[in-house]
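The values are calculated or read from the model by the stated rules, or taken from the named source; none is laboratory data. Model, not experiment: these values are computed from the prediction. Neighbour counts run over all protein chains shown; Cβ positions are idealised from the backbone, glycine included.
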Amino acid sequence: MSKLQDVFENHKAFIPFVTAGDPSAQATIDQVVALAKNGADIVELGVPFSDPIADGPVIQAAGLRAFAGGITVDGVFDIVKAIREQTNVPLVFLTYANIPFKYGYDAFCARCEELGVYGLVIPDLPEEEADEILTYTEKHNVDLIPLVSPTSGPRLKKLVRYATGFIYIVSALGVTGQRSSFAQNLDDLIADLRKVTDAPLCVGFGVHTPEQAKNLAKVADGVIVGSAIVQLAQDSDDAPKAVGDYTKAMVEAIAEA
């Protein structure tokens, strides 16, 4: 049984995102602890990468700040280790494919298992290339979380074939960042996915208001928020309090769905 699926038992999940190392390791640790204390069900940790094709300007800038602070892949694992001393909130990585490939799939997934990273979201992993890393995610009890977009259409069955933890539904085409509207066929996409998978369905890309979160939680099993939280932390003199208060408001909105 996937540890991530346990989160969704009779419950709609709020999944915030932070970039590991932005602007420092300690800042990330403090923010994740604040997110967990204020009701985050899963926290998505972004592993900074030099060519983040799915990231909008806010998260790209966060990655640059993390690199300026000296972040490395082992540094990200050190952050996870420190987080685990303070909270057991489920963690997943958002990482580009080259990072676990260069680290070594087996070694990367083994460290995830050792430190309590329950899943991997890999935006640039083609479905036809998933089998190689699946060998190691399955070996080390780490969920490989597929991304599905409004244009996936006939490829849905293939895309969700390995889904165990949850499925990440991209709410609209393009890169990450706050949006005022989502794909018109989002409800249809969710309905189509329900026909081919029992995995929880979580919607991200562009979500930033409690009202949006509430409306999405009426049709999905979870809501993912990235850019809004990263920007809030960047703009605040007290990032842990700012992201904690925001999380509390989002969790309350989702509970009303």
Legend entry - Count of residues meeting criterion [out of contact with any helix residue (DSSP H, G or I) (no Cβ under 6 Å at 6 or more places or on another chain), over 12 Å from Gln31 (Cα atoms) and of a type in the set (Asp, Glu)] in segment 226-257: 3
Inset, instruction - Go through segment 202-257 residue by residue and tally those that are at pLDDT below 95, touching a Lys or Arg at 6+ places or on another chain (Cβ under 7 Å) and not hydrophobic (A, V, I, L, M, F, W, C). - result: 1
Legend entry - The listed residue being β-branched (Val, Ile, Thr), buried (at least 22 other Cβ atoms within 10 Å of the Cβ) and within 25 Å of Gln60 (Cα to Cα), out of Val117, Val142: Val117
Legend entry - Residues within segment 8-28 that are more than 14 Å from the chain's Cα centre (by Cα) and buried (at least 22 other Cβ atoms within 10 Å of the Cβ), tallied: 4
Inset, instruction - Take segment 165-176 and flag every residue that is over 16 Å from Glu44 (Cα atoms) and either modelled with pLDDT of 95 or more or in contact with a strand residue (DSSP E or B) (Cβ under 7 Å, 6 or more places away or on another chain) (or both). - result: Ser171
Inset, instruction - Could you please give the count of residues in segment 59-89 that are more than 17 Å from the chain's Cα centre (by Cα) and outside any helix (DSSP H, G or I)? - result: 7
Legend entry - Residues located in segment 126-157, provided they are of a type in the set (Val, Ile, Thr) and either part of a helix (DSSP H, G or I) or closer than 30 Å to Asp187 by Cβ (or both): Ile133, Thr135, Thr137, Ile145, Val148, Thr151
Inset, instruction - Inspect all residues belonging to segment 90-100 and state whether any of them is surrounded by fewer than 20 Cβ atoms within 10 Å (Cβ to Cβ), touching a residue at least 40 places away in the same chain (Cβ under 8 Å), part of a helix (DSSP H, G or I) and not β-branched (Val, Ile, Thr). - result: yes
Inset, instruction - Among the numbered conditions (1) out of contact with any Asp or Glu (no Cβ under 8 Å at 6 or more places or on another chain); (2) on the phi < 0 side of the Ramachandran plot, tell me where Gly21 comes up short. - result: (2)
Inset, instruction - Might you let me know whether segment 48-58 holds any residue that is in a loop (DSSP other than H, G, I, E, B), within 29 Å of Ala199 (Cα to Cα), touching a residue at least 60 places away in the same chain (Cβ under 8 Å) and among the hydrophobic types (A, V, I, L, M, F, W, C)? - result: yes
Inset, instruction - Go through the residues of segment 66-75 one by one and say whether even a single one is free of Cβ contacts under 8 Å to residues at least 40 places away in the same chain and surrounded by 20 or more Cβ atoms within 10 Å (Cβ to Cβ). - result: no
Legend entry - Complete set of residues in segment 224-239 that are of a type in the set (Gly, Ala, Ser) and without any contact (Cβ under 8 Å) to a residue 40 or more places away in the chain: Ser236
Inset, instruction - Go through segment 191-231 residue by residue and tally those that are in a strand (DSSP E or B) and among the β-branched types (Val, Ile, Thr). - result: 4
Legend entry - Conditions (1) touching a helix residue (DSSP H, G or I) at 6+ places or on another chain (Cβ under 8 Å); (2) surrounded by fewer than 17 Cβ atoms within 10 Å (Cβ to Cβ); number of the one not met by Asp51: (1)
Inset, instruction - Those residues that are touching a residue at least 12 places away in the same chain (Cβ under 8 Å) and over 20 Å from Leu91 (Cα atoms), I need them from segment 192-208; list them, please. - result: Asp192, Leu193, Val196, Thr197, Gly206, His208
Inset, instruction - Mind listing whichever residues of segment 65-87 are farther than 16 Å from Leu115 by Cα and β-branched (Val, Ile, Thr)? - result: Ile71, Thr72
